[in-house]
Structures are given as structure tokens and as C-alpha cells.
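These notes are about the structure you will find just below.
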């Protein structure tokens, strides 16, 4: 009993301080720090939303800072928003104006998260629950609405994930009647949910809801008697590319272009080689890739009506903090790979047929070395970001582009930049409608997008992409002038 007295005394004093200083909200942050609630910010994917200023990525840690402290209600609402947006928009970045969110969930932290998502840091005042909103775990549900398609989905928390007596304890806390022993229980609930919610799958937290069509009266949505907007496929341009889409550049370019052309740009995320194969089969209007020889073959086969340089970033090698192969500062990719081979240092290859994988294969071949079959050499078969995270988890050397590293290096713990290599040049091809006649349906629109991308307007978008968040552009436009170049029978630009 004696061992518990100091803890009880501290808790009693803390509760008194909370009452004296204005209640729970006034001292949450210092209390959390003192009691260990905010032990870490979970590594979960950010929520991406398109605003008038561009694509905005909101992390869980940023949401905590906006709210003032870590919070179970905010954490749960963050996961619900991830789920609702994914179910309605897939891999698209939703436009804030196209999204509406309804809730009866009595979660103050959740209100702050939704304020940040739907209003931004410039909100005039925080949203607070209306008079009479019940505090009940059975009401923790959110309805996400995609206005343009008049579809909605209900994301409802499974009740077992919120303790049954949580809100009863919270009411006693607000009333000033919570005992030190009850505070210990409440604190355990709070800490457990903050740390637990990010580790559970969305399906386990919320089940498997399905989107459904929605009608509305009174102006909340486009009236159902109006003529529906044209189906997206009638003004659709399909682009095949990899990291420029994964990092958000294609979305940014598409937003600028679509505003003036009324089109929809769809992107198939794929490495360079498979992306060119999509073009060969007439499944994409435009390809963007960074493997010049593969693109040259594509053009020589007659699949490219137009082809030119679009932009570049740089090839980099990252590796373990201790750098066992000693490649730090080496400027030549071949020499860096030679040292890795000699050291038998752990190395992760993309192994996916993409531009970076093909460059790696050519590098080994130029050295007369074959790493395959060695225990230190493994392949991921995954895309750029996933491969980087795999390499970080295993402490392996890995070659990738500078844009992916700049945007996601904060997610790594065991890697650092060791080699800054040569420019990694991206080429763009307009797939031939003559070779694939069905592409002529949207041929003029696809050609207009090609002109936009390779012209001054697209160049300005490329040049500013990433500057606001990272202090420098993630890509550098080739600035070939409007339209790029046509392609001759040899496959070379002219």
C-alpha cells in the first residue's frame, strides 16, 4: 500500500491542477508527456487532400500538433477518414470541395482532425459539439460523401474498440468527481487506444462497409433531377508512369490541365518497362518513364507518335549508417556497386523491370559482375517507396531516385544518402493512335495533354513541385518548348 501512495498523491494533485486550470483540455499536453501517453507517433500513411493551394498531406503527428496533444478520438477519426476516402476515391486524391463528412461521434479530437482536413489551419474557430449531442460509443460513426458521383459510405467503429465505461469516466472528469483510482483506469484506456488504434487494420476497426448511391434534397448535393455529369471515361486520358504519380506530380499536372479542358486524367502506377507494355497494347495514351533504351525500342516499333525529354531528377544510392562497403561520397555508380560486391554488403534490388532496375542491371553488366545467387543480394519486386522501406527495415544498400528519397527519407531510420549519381531523365511518349486506332477516340485530348506537359505551362508546374514543402523542386523540367518532338521511323527524336 505504501508503494501506491506517492502515485495516488501525484494523481490527486494533478486532478486538482486540472480543475484549477480549466479542466482536461487546458493541461492535456503536459499531462500526456508526464504520464507517457504520447510515447510515439505511429507510422501510418498520411491523408492526402486537394486544396486550392495544391495537394496537402496531413500526417497523424501533424494532426496531434494541431489538436495540441495525442488523443484517442483524433486517432480513431484519422483512421476513419483514411478508410472513407479510400473507399470512395481509391488511389485518387480527393478535392476538398468534392468531399463532405457527417458524424454523430462525440469526439472533440475528431472534430479538430476534421477541421484540419476540411478547413485547414486557417479555421476561424474550432468546431465544438452542439447542445444535446450524446456521448455514446455506439454513435462513433462517420458518413463520407463524394458529391460529384453522389456516393456515400458509412464508416462505423466496432463498439468493442472503445471501453464501455469510457464516456462515464470522462463525464465524471468534467464534473470534477473522478477519483484518483478512476483516473488510473481512464489513463490506461487513453494510452491503450492512442497506441492501439494505428496498429489495427481498418477492416478490424470498422468492418467492411460498402459505398452506396445517394440522393439529396435541399442543396447539399447536386440535385438528382439534374442531368448527371458526363461519364469520366468520355473525357479520359490514361497515363502510365511510376514515381511521378506515387509522389503526387501527375495529380498536380492533371489538376492544372483538367481545369481548362474538362477532362479526367487516370494514371496506372507502373514501372517503366510494364508501362511501355501498356502502350504497346494500346492501354494508355501517354507513357512517362526513365529508361532511354526501352523508350527508344518502343518508338522504333512504331508505338510512339511523339517522344521527347520531359524532366529529370537524380539517381542516388542510400545505405546503412555504418556504410560497410565504404561508398560514401563516391560519385560513380559503377565504382559504388563494385565496392558493394567486394564487401558482400547487403543490397536490395527493385527487381521489377522498371527504369531503376534496368539501370542497376546495366551497371552490374558493365562491371562484369553478377550478384544473383549471393546471400547478400535480394530483390523486392515492389515499387519505389515500398522498396525503400524494405531496405530500411533490413539495413540494405538501395538505388532509387532523388525525389523519392527527398519526400520519404523521414520515414527511414537505418539509412542515409551516400551516393549522388547522374541525372535520371524521364521521357514522355504519346502513344500512336495510328498504331492503336481505338485511342483516336480521345486522341485530340491526349495530344493536348502531351502539349501541356512538354510546354511552358507543364514546365512551371514541374519546376515548383515540392518547393513549398522541401525547399527545392523534386523534378527539373527539360524545357524543350511546347509540344516536344515528333518521332521518325528510326525511333529518334527529330
Exercise for the section: Tell me the label-point distance for the pair residue 175, residue 440, using the 7 Å Cα-to-Cβ offset, in nm and rounded to one decimal. Expected result: 7.8 nm
Completion exercise
Neighbour-count ranking for 438, 337 (other C-beta within 10 angstrom, fewest to most) reads 438, 337
Exercise for the section: Could you please state, rounded to a whole Å, how far the C-alpha centre of the range 388-414 is from the C-alpha centre of the range 281-359? Expected result: 15 Å
Handout entry: Percent of C-alpha pairs per 5 Å bin, the range 298-456, short to long
Key = 2, 9, 16, 18, 16, 11, 9, 8, 7, 4, 1, 0
Practice task
Could you calculate the contour length gain from residue 323 to residue 131, that is, 0.36 nm times the residue separation minus the distance between their Cα atoms, to one decimal place in nm?
Solution key: 63.1 nm
Handout entry: Extension reserve of the residue 365-residue 470 stretch, reckoned as 0.36 nm per residue once the Cα distance is removed
Key = 34.2 nm
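Where a number appears in this text, it was derived from the coordinates with a stated rule and is not lab data. These numbers come from a predicted model, not from an experiment. FYI the Cβ positions are ideal-geometry reconstructions off the backbone, even for glycines, and counts take in every protein chain you see.
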